[in-house]
Amino acid sequence: MFNDIGPLELVTLVVLAVLVFGPDKLPKVIQDVMRTVRKIREFSESAKQDIRSELGPEFKDFEFEDLNPKTFIRKQLDNDELGLKEIRNGFDIKKEMAEVTDAVHGRDSDSSSSSSSSGSSGGRIDMTKKPDDGKDDRPVFDADAT
């Protein structure tokens, strides 16, 4: 319940409670708050039991925590019926990053040159700037006209 509250924050809350309610009324306030929290929990559990009984035996394994999208997706991805673990384990990130690095630096990689068969230069793309042959495709700019 207090996962996000640190010790200093907890001490600050206790001091504020003593200052606001006073040392005489504080035990009564704590009892009232705890009674309210207990009733809310009982109401919540009762509602969950009613929903489970109304859903029937088909949903006996239904968990309300599965309604949280993050939990639902995690549970579905951990399910091995789809074969996602095999796909996930099939990727070798270090090898692929090395191939990309080699391609960027222009080095031949054994797996990249053998796997690609398109192009006359072994599958590499020539990205060097071609020499200008004197043609200018841009329109003539007239500084006086603007």
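Figures for the structure shown
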| quantity | calculated |
| --- | --- |
| Backbone HN-Hα couplings from phi across region 8-14 [Karplus 6.51/-1.76/1.60, Hz, Gly and Pro as x] | 5, 5, 5, 4, 4, 5, 5 |
| Inter-label distance for residue 11 and residue 58, nm, one decimal - labels placed 7 Å from Cα along Cα-to-Cβ | 5.7 |
| Nearest-0.05 FRET efficiency for residue 32 and residue 65, computed from C-beta distance (R0 25 Å) | 0.25 |
| Cα-based Rg and Dmax for region 1-61, where Dmax is the largest Cα-Cα distance (Å) | 18.3, 54 |
| Computed E for residue 25/residue 46 - FRET, C-beta separation, R0 35 angstrom, nearest 0.05 | 0.65 |
| Pairs beyond 32 Å (Cα-Cα), from 25/70; 70/94; 39/60; 28/60 | 25/70; 28/60 |
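We did not get these values from a lab; they are worked out from the coordinates using the rules stated. In this text, all values refer to a predicted model and were calculated from it rather than measured experimentally. Neighbour counts are summed over all protein chains in view; Cβ atoms, including those assigned to glycine, are modelled from backbone coordinates with ideal geometry.
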